[in-house]
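To start, the structure under review is shown below, and the notes come after it.
The values are calculated or read from the model by the stated rules, or taken from the named source; none is laboratory data. Small disclaimer: the values here were computed from a predicted structure and weren't measured. Using ideal geometry, Cβ is built from the backbone for each residue, glycine included, and neighbour counts are taken over all protein chains shown. Note: areas computed on protein heavy atoms with side chains; ligands, DNA, RNA excluded. Shrake-Rupley method; radii C 1.70, N 1.55, O 1.52, S 1.80 Å.
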Amino acid sequence: MADHRQHNAPFGLLAELTYRCPLACAYCSNPLNLADYADELTTGEWRRVLIEAADLGVLQCHLSGGEPLLRRDVVEIVGVAHDVGLYTNLVTSALGLTRPKAEQLRAAGLDHVQVSIQADGPALSDAIAGIPSFQRKIDAMRLVKELGWPLTVNVVLHRRNIDRVAEVLDLAETVGADRVELANTQYYGWAWRNRDALLPSRAQLEAAEEAVRAAGDRLNVLYVVPDYYSRYPKPCMGGWASRQLTVTPNGDVLPCPAAQSLPLPRASVRTDPLAWIWAESPVMTAFRGTDWMPDPCRSCERRELDFGGCRCQAFQLTGDAARTDPVCHLSPDHALVASVVAAADRAGEPSLVPRPHR
Ligand code: SF4
Ligand code: FES
(Lines give C-alpha, C1' and ligand atoms only; values in the text may rest on other atoms or scores of the structure.)
(Ligands and ions follow the chains in the order given, each with its own letter.)
Protein backbone atom coordinates (compact mmCIF):
# COMPACT_ATOMS: atom_id res chain seq x y z
CA MET A 1 0.00 0.00 0.00
CA ALA A 2 1.32 3.47 -0.88
CA ASP A 3 2.50 5.52 2.06
CA HIS A 4 1.05 9.03 2.15
CA ARG A 5 4.44 10.42 3.19
CA GLN A 6 6.01 9.34 -0.09
CA HIS A 7 5.78 12.05 -2.66
CA ASN A 8 7.15 13.09 -6.03
CA ALA A 9 8.45 16.50 -6.93
CA PRO A 10 5.63 18.62 -8.32
CA PHE A 11 5.80 19.07 -12.07
CA GLY A 12 3.36 21.91 -12.67
CA LEU A 13 2.46 25.05 -10.74
CA LEU A 14 -0.86 26.73 -11.39
CA ALA A 15 -0.23 30.32 -10.33
CA GLU A 16 -3.65 31.94 -9.96
CA LEU A 17 -2.56 35.56 -9.95
CA THR A 18 -6.02 37.06 -9.41
CA TYR A 19 -9.64 36.01 -9.47
CA ARG A 20 -10.63 39.38 -10.96
CA CYS A 21 -11.96 38.84 -14.49
CA PRO A 22 -13.59 40.93 -17.20
CA LEU A 23 -15.82 38.03 -18.28
CA ALA A 24 -18.91 36.67 -16.54
CA CYS A 25 -19.05 33.09 -17.79
CA ALA A 26 -21.96 30.99 -16.63
CA TYR A 27 -19.62 27.97 -16.42
CA CYS A 28 -17.04 29.65 -14.15
CA SER A 29 -15.67 27.16 -11.61
CA ASN A 30 -13.68 29.68 -9.58
CA PRO A 31 -14.66 30.20 -5.93
CA LEU A 32 -17.78 32.14 -5.01
CA ASN A 33 -16.22 33.70 -1.89
CA LEU A 34 -13.98 36.07 -3.84
CA ALA A 35 -13.61 38.50 -0.94
CA ASP A 36 -11.41 35.87 0.75
CA TYR A 37 -8.90 36.22 -2.11
CA ALA A 38 -8.85 40.00 -2.47
CA ASP A 39 -5.63 40.38 -0.47
CA GLU A 40 -3.46 39.29 -3.39
CA LEU A 41 0.18 38.28 -3.11
CA THR A 42 2.58 41.11 -3.87
CA THR A 43 5.12 40.98 -6.68
CA GLY A 44 7.80 40.18 -4.11
CA GLU A 45 5.74 37.32 -2.66
CA TRP A 46 5.20 35.84 -6.12
CA ARG A 47 8.93 36.15 -6.73
CA ARG A 48 9.62 34.05 -3.63
CA VAL A 49 6.95 31.50 -4.61
CA LEU A 50 8.43 31.05 -8.08
CA ILE A 51 11.97 30.68 -6.77
CA GLU A 52 10.79 28.12 -4.19
CA ALA A 53 8.77 26.28 -6.85
CA ALA A 54 11.77 25.97 -9.14
CA ASP A 55 13.90 24.75 -6.20
CA LEU A 56 11.23 22.14 -5.51
CA GLY A 57 11.50 20.76 -9.04
CA VAL A 58 8.57 22.48 -10.76
CA LEU A 59 9.15 22.73 -14.52
CA GLN A 60 5.99 24.38 -15.84
CA CYS A 61 4.19 27.46 -14.57
CA HIS A 62 0.66 28.21 -15.75
CA LEU A 63 -0.20 31.84 -15.06
CA SER A 64 -3.93 31.92 -14.66
CA GLY A 65 -6.87 33.40 -12.75
CA GLY A 66 -9.40 35.04 -13.26
CA GLU A 67 -7.60 37.10 -15.83
CA PRO A 68 -3.85 37.24 -15.12
CA LEU A 69 -3.44 40.25 -17.41
CA LEU A 70 -5.33 42.32 -14.83
CA ARG A 71 -2.23 42.10 -12.62
CA ARG A 72 -0.21 45.22 -13.38
CA ASP A 73 2.98 43.29 -12.59
CA VAL A 74 2.24 40.32 -14.88
CA VAL A 75 5.25 41.09 -17.09
CA GLU A 76 7.54 41.18 -14.06
CA ILE A 77 6.10 37.90 -12.74
CA VAL A 78 6.63 36.24 -16.13
CA GLY A 79 10.20 37.56 -16.13
CA VAL A 80 10.93 36.01 -12.73
CA ALA A 81 9.42 32.66 -13.76
CA HIS A 82 11.50 32.70 -16.92
CA ASP A 83 14.68 33.65 -15.04
CA VAL A 84 14.34 30.74 -12.61
CA GLY A 85 13.98 28.34 -15.53
CA LEU A 86 10.24 27.65 -15.59
CA TYR A 87 8.35 27.06 -18.84
CA THR A 88 5.68 29.74 -18.72
CA ASN A 89 2.14 29.46 -20.07
CA LEU A 90 -0.25 32.42 -19.95
CA VAL A 91 -3.86 31.22 -19.57
CA THR A 92 -5.95 34.16 -20.66
CA SER A 93 -9.30 35.37 -21.96
CA ALA A 94 -7.08 37.56 -24.19
CA LEU A 95 -8.89 40.69 -23.05
CA GLY A 96 -6.06 43.07 -22.30
CA LEU A 97 -3.59 41.32 -24.60
CA THR A 98 -2.76 44.47 -26.52
CA ARG A 99 0.21 44.60 -28.89
CA PRO A 100 2.41 46.56 -26.44
CA LYS A 101 1.55 44.16 -23.59
CA ALA A 102 2.20 41.14 -25.81
CA GLU A 103 5.57 42.54 -26.88
CA GLN A 104 6.54 43.12 -23.24
CA LEU A 105 5.55 39.57 -22.35
CA ARG A 106 7.56 38.24 -25.27
CA ALA A 107 10.61 40.18 -24.12
CA ALA A 108 10.14 38.88 -20.57
CA GLY A 109 10.40 35.32 -21.87
CA LEU A 110 6.80 34.06 -21.97
CA ASP A 111 6.86 30.67 -23.72
CA HIS A 112 3.25 29.81 -24.56
CA VAL A 113 -0.22 31.37 -24.69
CA GLN A 114 -3.55 29.67 -24.11
CA VAL A 115 -6.61 31.67 -25.13
CA SER A 116 -10.12 30.69 -24.14
CA ILE A 117 -13.04 31.15 -26.47
CA GLN A 118 -16.66 30.35 -25.75
CA ALA A 119 -17.96 29.39 -29.23
CA ASP A 120 -17.20 29.78 -32.94
CA GLY A 121 -19.11 33.01 -33.52
CA PRO A 122 -19.78 36.31 -31.74
CA ALA A 123 -23.44 35.86 -30.83
CA LEU A 124 -23.06 32.64 -28.86
CA SER A 125 -19.52 33.32 -27.60
CA ASP A 126 -20.47 36.73 -26.23
CA ALA A 127 -23.70 35.42 -24.73
CA ILE A 128 -21.79 32.74 -22.80
CA ALA A 129 -18.97 35.11 -21.79
CA GLY A 130 -21.46 37.70 -20.60
CA ILE A 131 -19.77 40.56 -22.51
CA PRO A 132 -18.81 41.34 -26.13
CA SER A 133 -15.37 39.74 -26.45
CA PHE A 134 -15.31 37.38 -29.43
CA GLN A 135 -13.63 39.66 -31.94
CA ARG A 136 -10.99 40.80 -29.45
CA LYS A 137 -10.16 37.16 -28.79
CA ILE A 138 -9.75 36.41 -32.49
CA ASP A 139 -7.53 39.48 -32.93
CA ALA A 140 -5.43 38.42 -29.92
CA MET A 141 -5.02 34.88 -31.26
CA ARG A 142 -3.68 36.26 -34.53
CA LEU A 143 -1.30 38.49 -32.57
CA VAL A 144 -0.07 35.50 -30.55
CA LYS A 145 0.81 33.69 -33.79
CA GLU A 146 2.34 36.80 -35.35
CA LEU A 147 4.70 37.14 -32.38
CA GLY A 148 5.74 33.52 -32.79
CA TRP A 149 4.22 31.87 -29.73
CA PRO A 150 2.69 28.42 -29.74
CA LEU A 151 -1.07 28.92 -29.32
CA THR A 152 -3.51 26.66 -27.50
CA VAL A 153 -7.18 27.46 -27.99
CA ASN A 154 -9.23 26.38 -25.00
CA VAL A 155 -12.98 25.88 -25.17
CA VAL A 156 -15.06 24.87 -22.18
CA LEU A 157 -17.80 22.64 -23.56
CA HIS A 158 -21.35 22.39 -22.28
CA ARG A 159 -24.92 21.95 -23.45
CA ARG A 160 -25.03 25.37 -25.18
CA ASN A 161 -21.92 25.07 -27.36
CA ILE A 162 -21.09 21.40 -27.71
CA ASP A 163 -23.11 21.14 -30.93
CA ARG A 164 -20.62 23.62 -32.46
CA VAL A 165 -17.49 21.52 -31.95
CA ALA A 166 -16.85 21.03 -35.69
CA GLU A 167 -17.12 24.79 -36.30
CA VAL A 168 -14.96 25.58 -33.26
CA LEU A 169 -12.25 23.28 -34.61
CA ASP A 170 -12.48 24.98 -38.03
CA LEU A 171 -12.05 28.34 -36.33
CA ALA A 172 -9.04 27.11 -34.37
CA GLU A 173 -7.45 25.93 -37.60
CA THR A 174 -8.15 29.28 -39.26
CA VAL A 175 -6.36 31.23 -36.52
CA GLY A 176 -3.39 28.85 -36.64
CA ALA A 177 -3.83 27.11 -33.29
CA ASP A 178 -1.12 24.58 -32.52
CA ARG A 179 -3.37 22.75 -30.10
CA VAL A 180 -7.03 22.77 -29.13
CA GLU A 181 -8.17 21.85 -25.66
CA LEU A 182 -11.84 20.88 -25.45
CA ALA A 183 -12.47 20.86 -21.74
CA ASN A 184 -15.78 19.83 -20.32
CA THR A 185 -17.28 22.01 -17.64
CA GLN A 186 -16.16 21.30 -14.09
CA TYR A 187 -19.15 21.61 -11.81
CA TYR A 188 -17.73 23.78 -9.06
CA GLY A 189 -18.26 27.40 -8.08
CA TRP A 190 -20.77 29.19 -10.27
CA ALA A 191 -20.95 26.24 -12.69
CA TRP A 192 -22.47 24.10 -9.94
CA ARG A 193 -25.46 26.47 -9.84
CA ASN A 194 -25.90 26.05 -13.59
CA ARG A 195 -25.24 22.33 -13.74
CA ASP A 196 -28.63 21.29 -15.13
CA ALA A 197 -28.38 23.95 -17.84
CA LEU A 198 -24.78 23.03 -18.70
CA LEU A 199 -24.64 19.23 -18.70
CA PRO A 200 -24.89 17.96 -22.30
CA SER A 201 -27.03 15.00 -23.28
CA ARG A 202 -25.47 11.70 -24.31
CA ALA A 203 -26.56 12.31 -27.93
CA GLN A 204 -24.77 15.66 -27.92
CA LEU A 205 -21.63 14.02 -26.57
CA GLU A 206 -21.62 11.34 -29.20
CA ALA A 207 -21.98 13.89 -32.00
CA ALA A 208 -19.12 15.95 -30.52
CA GLU A 209 -16.87 12.91 -30.33
CA GLU A 210 -17.53 12.24 -34.00
CA ALA A 211 -16.58 15.84 -34.87
CA VAL A 212 -13.35 15.51 -32.88
CA ARG A 213 -12.50 12.25 -34.65
CA ALA A 214 -13.11 13.89 -38.03
CA ALA A 215 -10.68 16.72 -37.22
CA GLY A 216 -8.05 14.41 -35.73
CA ASP A 217 -5.85 14.29 -38.85
CA ARG A 218 -5.47 18.03 -39.24
CA LEU A 219 -5.47 19.34 -35.66
CA ASN A 220 -3.87 18.46 -32.34
CA VAL A 221 -6.99 18.14 -30.18
CA LEU A 222 -7.17 17.24 -26.51
CA TYR A 223 -10.73 16.16 -25.76
CA VAL A 224 -11.78 14.81 -22.41
CA VAL A 225 -15.20 13.19 -22.02
CA PRO A 226 -17.21 14.67 -19.16
CA ASP A 227 -16.79 12.04 -16.53
CA TYR A 228 -20.44 12.07 -15.46
CA TYR A 229 -20.85 9.82 -18.52
CA SER A 230 -17.98 7.45 -17.76
CA ARG A 231 -18.04 4.12 -15.93
CA TYR A 232 -14.93 5.11 -14.03
CA PRO A 233 -13.86 8.51 -12.71
CA LYS A 234 -10.98 10.56 -14.04
CA PRO A 235 -7.59 10.21 -12.32
CA CYS A 236 -8.01 13.77 -11.16
CA MET A 237 -4.77 15.80 -11.16
CA GLY A 238 -2.94 12.48 -11.65
CA GLY A 239 -3.65 11.80 -7.97
CA TRP A 240 -4.03 14.18 -5.04
CA ALA A 241 -0.84 16.22 -4.51
CA SER A 242 1.05 13.93 -6.83
CA ARG A 243 2.38 16.15 -9.65
CA GLN A 244 0.56 19.50 -9.50
CA LEU A 245 0.05 22.31 -7.07
CA THR A 246 -2.01 25.48 -7.12
CA VAL A 247 -1.23 28.79 -5.45
CA THR A 248 -4.34 30.95 -5.15
CA PRO A 249 -4.29 34.78 -5.36
CA ASN A 250 -3.97 35.18 -1.58
CA GLY A 251 -1.17 32.62 -1.25
CA ASP A 252 -3.12 29.53 -0.20
CA VAL A 253 -1.56 26.34 -1.56
CA LEU A 254 -3.82 23.55 -2.80
CA PRO A 255 -3.52 20.32 -4.78
CA CYS A 256 -6.10 21.70 -7.26
CA PRO A 257 -8.10 24.91 -7.55
CA ALA A 258 -11.45 23.41 -6.49
CA ALA A 259 -9.99 22.08 -3.23
CA GLN A 260 -10.51 25.52 -1.70
CA SER A 261 -14.05 24.42 -0.82
CA LEU A 262 -12.95 21.32 1.10
CA PRO A 263 -12.93 21.45 4.91
CA LEU A 264 -9.16 21.02 5.22
CA PRO A 265 -6.63 23.09 7.18
CA ARG A 266 -5.21 25.99 5.18
CA ALA A 267 -1.59 26.20 4.07
CA SER A 268 -0.18 29.50 2.85
CA VAL A 269 3.07 30.66 1.28
CA ARG A 270 2.70 33.67 3.56
CA THR A 271 3.39 31.53 6.61
CA ASP A 272 5.31 28.45 5.46
CA PRO A 273 7.91 27.43 2.87
CA LEU A 274 6.50 25.82 -0.25
CA ALA A 275 8.72 22.74 0.23
CA TRP A 276 7.24 22.03 3.66
CA ILE A 277 3.70 22.64 2.41
CA TRP A 278 4.18 20.23 -0.48
CA ALA A 279 5.78 17.50 1.61
CA GLU A 280 4.01 17.67 4.93
CA SER A 281 1.08 20.04 5.24
CA PRO A 282 -2.26 18.44 6.16
CA VAL A 283 -3.93 19.74 2.99
CA MET A 284 -1.38 18.01 0.76
CA THR A 285 -1.15 14.74 2.68
CA ALA A 286 -4.90 14.35 3.32
CA PHE A 287 -5.56 12.19 0.23
CA ARG A 288 -2.07 11.50 -1.09
CA GLY A 289 -1.48 7.88 -2.05
CA THR A 290 -4.04 5.19 -1.19
CA ASP A 291 -4.02 4.91 2.62
CA TRP A 292 -7.04 7.17 2.98
CA MET A 293 -9.30 5.13 0.68
CA PRO A 294 -12.61 3.66 1.76
CA ASP A 295 -14.18 0.61 0.15
CA PRO A 296 -14.81 -0.10 -2.67
CA CYS A 297 -11.59 1.74 -3.73
CA ARG A 298 -9.43 0.19 -1.01
CA SER A 299 -9.67 -3.26 -2.54
CA CYS A 300 -10.15 -2.21 -6.17
CA GLU A 301 -7.58 -3.10 -8.80
CA ARG A 302 -7.96 0.37 -10.37
CA ARG A 303 -6.98 2.28 -7.22
CA GLU A 304 -3.53 3.18 -8.57
CA LEU A 305 -5.04 4.12 -11.96
CA ASP A 306 -7.72 6.62 -10.98
CA PHE A 307 -6.87 7.18 -7.28
CA GLY A 308 -10.55 6.86 -6.37
CA GLY A 309 -11.47 9.74 -8.69
CA CYS A 310 -11.83 13.36 -7.78
CA ARG A 311 -11.89 14.40 -4.12
CA CYS A 312 -13.55 17.71 -4.92
CA GLN A 313 -16.31 16.03 -6.88
CA ALA A 314 -16.85 13.50 -4.08
CA PHE A 315 -17.19 16.41 -1.64
CA GLN A 316 -19.44 18.43 -3.92
CA LEU A 317 -21.81 15.51 -4.47
CA THR A 318 -21.78 13.77 -1.08
CA GLY A 319 -20.45 16.32 1.41
CA ASP A 320 -17.55 13.96 2.24
CA ALA A 321 -14.27 14.31 0.33
CA ALA A 322 -13.11 10.88 1.54
CA ARG A 323 -15.81 8.92 -0.30
CA THR A 324 -15.39 7.13 -3.61
CA ASP A 325 -16.11 9.54 -6.46
CA PRO A 326 -19.82 9.00 -7.22
CA VAL A 327 -19.02 8.99 -10.95
CA CYS A 328 -17.65 5.46 -10.47
CA HIS A 329 -20.35 2.88 -11.16
CA LEU A 330 -19.02 0.91 -8.15
CA SER A 331 -19.61 3.84 -5.79
CA PRO A 332 -22.48 3.45 -3.29
CA ASP A 333 -23.38 7.06 -4.22
CA HIS A 334 -23.48 6.51 -7.99
CA ALA A 335 -27.24 7.23 -8.13
CA LEU A 336 -26.40 10.90 -7.46
CA VAL A 337 -24.72 11.07 -10.86
CA ALA A 338 -27.04 8.70 -12.71
CA SER A 339 -30.09 10.83 -11.88
CA VAL A 340 -28.45 14.02 -13.17
CA VAL A 341 -27.38 12.30 -16.39
CA ALA A 342 -30.91 10.94 -16.89
CA ALA A 343 -32.30 14.46 -16.49
CA ALA A 344 -29.80 15.83 -19.04
CA ASP A 345 -30.98 13.27 -21.57
CA ARG A 346 -34.52 14.55 -21.35
CA ALA A 347 -35.45 17.46 -23.58
CA GLY A 348 -35.40 20.99 -22.21
CA GLU A 349 -33.26 24.10 -21.94
CA PRO A 350 -33.02 25.24 -18.34
CA SER A 351 -31.95 28.88 -18.31
CA LEU A 352 -28.32 29.83 -17.68
CA VAL A 353 -27.48 32.33 -14.97
CA PRO A 354 -24.43 34.45 -15.90
CA ARG A 355 -21.86 34.95 -13.15
CA PRO A 356 -22.12 38.50 -11.80
CA HIS A 357 -19.22 40.76 -12.85
CA ARG A 358 -16.46 41.15 -10.31
FE1 SF4 B 1 -11.57 3.84 -9.06
FE2 SF4 B 1 -12.49 3.45 -6.56
FE3 SF4 B 1 -14.10 3.06 -8.67
FE4 SF4 B 1 -12.10 1.37 -8.19
S5 SF4 B 1 -13.92 1.71 -6.87
S6 SF4 B 1 -12.68 2.20 -10.17
S7 SF4 B 1 -10.51 2.78 -7.39
S8 SF4 B 1 -13.18 5.01 -8.02
FE1 FES C 1 -9.82 18.71 -6.81
FE2 FES C 1 -10.35 16.75 -8.60
S3 FES C 1 -10.73 18.92 -8.77
S4 FES C 1 -9.25 16.61 -6.72
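Among the lysines, which have Cα under 19 Å from the Cα of LYS137 when same-chain residues fewer than 8 positions away are ignored? Within the straight-line limit of under 19 Å, LYS137 reaches these lysines: LYS101, LYS145. Mean silhouette area of the chain, derived from the convex hull of its C-alpha atoms and averaged over all directions, reads 16.7 nm².
Considering helices alone, the calculated mean residue ellipticity of the chain at 222 nm is -9500 deg cm²/dmol, with DSSP H runs of length four and up weighted by -39500 (n - 2.57) and normalised per residue. The residues of the chain expose, per residue, 41 Å² of accessible area to a 1.4 Å probe. Here the chain exposes an accessible surface that is 53 percent carbon and sulfur, computed with a 1.4 Å probe and the other protein chains kept in place.
As a length-normalised measure over Cα pairs under 8 Å and 6 or more apart, the relative contact order of the range 82-147 settles at 35 percent. Counting Lys and Arg as +1 and Asp and Glu as -1 over every other residue whose Cβ lies under 15 Å from the Cβ of ARG323, the net charge comes to -2.
The share of Cα pairs per 10 Å bin across the range 230-344, counted from zero up to the longest distance, runs 14, 45, 29, 11, 1 percent. For the chain, the antiparallel share of DSSP beta bridges with both residues in that region comes to about 10%. Net charge in the neighbourhood of ALA54 (other residues with Cβ under 13 Å of its Cβ; Lys, Arg +1, Asp, Glu -1) is -1. For the range 39-84, a simple Cβ point-charge model (Lys and Arg +1, Asp and Glu -1, everything else neutral) yields a dipole of about 100 debye relative to the Cα centre.
Seen from all directions on average, the range 46-164 presents a Cα convex hull projection of 7.6 nm².
Working note: Cα gyration tensor of the range 22-111, eigenvalues times five, square-rooted, sorted largest first, giving semi-axes of 22, 17, 12 Å. The distance linking the range 172-247 with the range 39-97 is 25 Å (Cα centroid to Cα centroid, whole angstrom).
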